[in-house]
1. Take region 165-214 and flag every residue that is outside any helix (DSSP H, G or I) and either under 30 Å from residue 39 (Cβ atoms) or aromatic (Phe, Trp, Tyr) (or both).
2. Of the conditions (1) surrounded by fewer than 17 Cβ atoms within 10 Å (Cβ to Cβ); (2) part of a helix (DSSP H, G or I); (3) touching a helix residue (DSSP H, G or I) at 6+ places or on another chain (Cβ under 7 Å), residue 162 satisfies every one except a single condition; which number is it?
3. For region 53-79, how many residues meet the condition of being crowded, with 16+ Cβ neighbours inside 10 Å, more than 20 Å from residue 18 (Cα to Cα) and among the hydrophobic types (A, V, I, L, M, F, W, C)?
4. Test residue 149 against the criterion of being in contact (Cβ under 8 Å) with a residue 40 or more places away in the chain, assigned to a helix (DSSP H, G or I) and either of a type in the set (D, E, K, R) or touching a Leu at 6+ places or on another chain (Cβ under 9 Å) (or both), and give yes or no.
5. For the subset of region 1-52 comprising residues that are surrounded by fewer than 16 Cβ atoms within 10 Å (Cβ to Cβ), part of a loop (DSSP other than H, G, I, E, B) and not small (Gly, Ala, Ser), which member is farthest from the chain's Cα centre (by Cα)?
6. Give me a count of the residues in region 17-60 that are farther than 27 Å from residue 163 by Cβ and in contact (Cβ under 8 Å) with a residue 60 or more places away in the chain.
Amino acid sequence: MMMIVFRVVAATVGLFGLALQFLLMANDPSGPEFAATIINFFSYFTILTNTLVALSMLVPVIAPASRAGQLLDKPSVRTLNAGYSAVVALVYFFFLRNVGGDEDWELLADRLLHYVMPAMVMIDWLVFGNKGQVPWAIIGRSLVIPILYGAWTLVHGALTGWYPYSFFDVTRIGYAKTLVNFGGFLCMFVAVAVALVLLDRLVALLEQQRKMSQ
């Protein structure tokens, strides 16, 4: 029961943060047309990650027997969520938290999507997830979405001249620097995935030892 309550609360927080961020973008007088706003909104890795996380929290609760519910509740998928959320939090803290001078509702949306949700995902992964079931192959799989995201960012940016992040802004720093930055972020995804697999093994071992000692 505690797991269900926690995941419903997490999904609610995530969906609220996503809705708030979209409303802020849609009502920005200096922003593009509505259709372009929708595309730009989902061109942020933070938005994609939190959307996946919110669905992974909610769908297994409301439709646990469905194919989507079973898929999103797999230990490997929840580990991917935890890894992506950790990268979102780390990148925001080290590179983006002092950019733009966000305040009021914008600051609330940023904090919810970059700090609160990653923390809740990690708590869910540690407390409620089954341990010892995450394969080492998850490290390679964790790069699929970031690579696809990078390709989309470059193609969309080349067509529109708009880039979601300054460190991927080809018009400002060029393709060479952008690709170097992208490679650096892929290394971050690998490092986080390795850390989660090791933590998964460690927690499983500790739980096994605890059961044997009882």
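Only the coordinates and a few stated rules stand behind these numbers; no lab work does. Note that the structure is a prediction, hence the values are computed from the model and not measured. In this analysis, Cβ positions are derived from the backbone assuming ideal geometry, glycine residues included, and neighbour counts consider all displayed protein chains.
1. 165, 169
2. (2)
3. Number satisfying all stated conditions: 1.
4. Working: in contact (Cβ under 8 Å) with a residue 40 or more places away in the chain: yes; assigned to a helix (DSSP H, G or I): yes; either of a type in the set (D, E, K, R) or touching a Leu at 6+ places or on another chain (Cβ under 9 Å) (or both): yes.
Yes, satisfied.
5. If we take residues in region 1-52 being surrounded by fewer than 16 Cβ atoms within 10 Å (Cβ to Cβ), part of a loop (DSSP other than H, G, I, E, B) and not small (Gly, Ala, Ser), then 29 is farthest from the chain's Cα centre (by Cα).
6. So the answer is 1.
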